1. Can you say whether Phe65 is modelled with pLDDT of 95 or more, part of a loop (DSSP other than H, G, I, E, B) and more than 21 Å from Asn332 (Cβ to Cβ), as far as the supplied structure shows?
2. If only one of Ala255, Ala230, Ala269 is open to solvent by 20 Å² or more (accessible area, probe 1.4 Å) and in contact (Cβ under 8 Å) with a residue 12 or more places away in the chain, which one is it?
3. Quick one: count up the residues across the stretch 291-328 that are free of Cβ contacts under 8 Å to residues at least 60 places away in the same chain and basic (Lys, Arg).
4. Can Ala166 be described as open to solvent by 10 Å² or more (accessible area, probe 1.4 Å) and either in contact with a Leu (Cβ under 9 Å, 6 or more places away or on another chain) or in a helix (DSSP H, G or I) (or both)?
5. Looking for whichever is over 16 Å from the mean Cα position of the chain (by Cα) and either within 21 Å of Trp298 (Cα to Cα) or part of a helix (DSSP H, G or I) (or both) here; the options are Arg183, Arg161. Which one fits?
6. For the stretch 74-102, what are the residues that are assigned to a strand (DSSP E or B) and within 15 Å of Phe48 (Cα to Cα)?
7. From the residues in the stretch 103-143 that are buried (at least 21 other Cβ atoms within 10 Å of the Cβ) and in a loop (DSSP other than H, G, I, E, B), which one is nearest to the chain's Cα centre (by Cα)?
8. Exactly one of (1) within 30 Å of Glu162 (Cα to Cα); (2) under 23 Å from the mean Cα position of the chain (by Cα); (3) surrounded by fewer than 16 Cβ atoms within 10 Å (Cβ to Cβ) is unmet by Ile249. Its number?
Amino acid sequence: MSGGHAIRLGVSLYSFTNEFLGRSHDLPALLRETAARGLGPGVEAVGFQSFRSFPNVTEAEAGAFRDALAEAGLRPTCLGITADRFLQPGQAVADSELIEFHARQMRSAHRLGFPLVRFQHAATPAVIRALVPLAERLELRLGLEVHAPLFLDHPVILAYREMFEAVGSPLLGFIPDFGAAARAVPEVQTAYFRDVLGAPSRAVDRALALWHDDNLQPLDRLTDFAVFCAAEGIDDRFRDEIALIFGIIGRGDPARWSEIMPQVFHLHAKFYDCDPQDGSDPAIDTAANLAPFLAAGWQGDLSSEWEGHVTSRGDGFAMVEAQQRYLATLLNPAARKAEV
């Protein structure tokens with residue numbers, strides 16, 4: 001536990017994408033560095049990013065991972081799995097194939113030692129419902145990531161909420177991603193669009209205006225932006241890069257996390273940057289996102305998830321360290337008062 005609190009800190013290895021893809025760290029090295037910097041003990045991973053034999057992880061690879069965790073004094077918390085109906089481009093697979101695809105990933109998660117998998121809404125409630133018997137045999141929880149551009153009142157999420165209620169299994173729940181309840185588009189992204197890509201300011205400004213327009217649904221913002229770019233002659237590569245903000249950053253109200261509180265399995269403390277003074281993220285109000293869980297006395301694991309690597313070559317370890325110092329002040333009131 002962090003600071004005696006019931007919320008336990010950990011990290012998603014996705015935060016270290018720059019280090020992993022840049023080959024400065026392989027998977028065992030990521031785990032050693034995580035332990036050395038005190039960024040665990042919880043470790044979350046993404047199946048297809050971290051394991052070569054995924055979705056059919058071999059016992060040899062699983063054993064090596066479990067050994068590396070034990071050696072580093074870390075523990076597995078959550079494994080991200082994928083819902084992909086288009087494993088072959090242009091050829092959508094049937095539900096039966098998607099169920100089997102998820103089952104393979106679930107068995108691999110169990111083999112690796114993860115007690116929870118984070119699945120995507122594209123799986124559909126029918127597919128996940130069919131997987132409950134396997135989850136029961138594996139004693140594996142299934143958590144739907146509530147991720148932008150969808151929020152709690154979106155029809156897709158409501159369909160899952162209804163299915164969870166109907167099935168009544170303690171193995172079905174949610175994983176809130178704080179990026180779904182942001183207050184602004186990260187400045188690191190807009191700076192990337194303007195200064196690195198050289199995108200026209202009028203395109204960036206229009207995208208920001210649409211993102212802040214609460215009269216529009218998420219997909220309507222994307223459509224309106226595409227229409228604007230076509231009318232203004234904005235190059236497709238600028239349109240496609242900038243449109244990313246509509247899919248990964250949402251404007252949900254963080255107070256509404258309380259609606260699904262009893263079914264929350266895990267938390268994603270998504271962030272893009274850290275204020276040099278206190279470590280808070282200017283774009284995602286981490287304190288506001290945590291508030292409902294602190295008020296409810298929620299207990300479980302929280303993963304720091306730095307997604308700034310999407311537009312930055314920054315140091316993932318340094319960013320997570322900064323965020324976790326800030327998180328410690330939120331989770332430990334005594335430490336917060338001492339700093340003031």
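The values are calculated or read from the model by the stated rules, or taken from the named source; none is laboratory data. All values reported here derive from a predicted model rather than from experimental measurement. Every residue, glycine among them, receives a Cβ derived from its backbone with ideal geometry; neighbour counts consider all protein chains shown. Just so you know, the surface numbers come from the protein's heavy atoms only, side chains and all, with ligands and any DNA or RNA stripped out. Shrake-Rupley method; radii C 1.70, N 1.55, O 1.52, S 1.80 Å.
1. So Phe65 fails the test.
2. Ala255
3. The total comes to 1.
4. yes
5. Arg161
6. If the condition is that a residue be assigned to a strand (DSSP E or B) and within 15 Å of Phe48 (Cα to Cα), then Cys78, Leu79, Gly80 are the ones that fit.
7. Checking each candidate, the answer is Phe114.
8. In the conditions (1) within 30 Å of Glu162 (Cα to Cα); (2) under 23 Å from the mean Cα position of the chain (by Cα); (3) surrounded by fewer than 16 Cβ atoms within 10 Å (Cβ to Cβ), Ile249 misses (3) alone.
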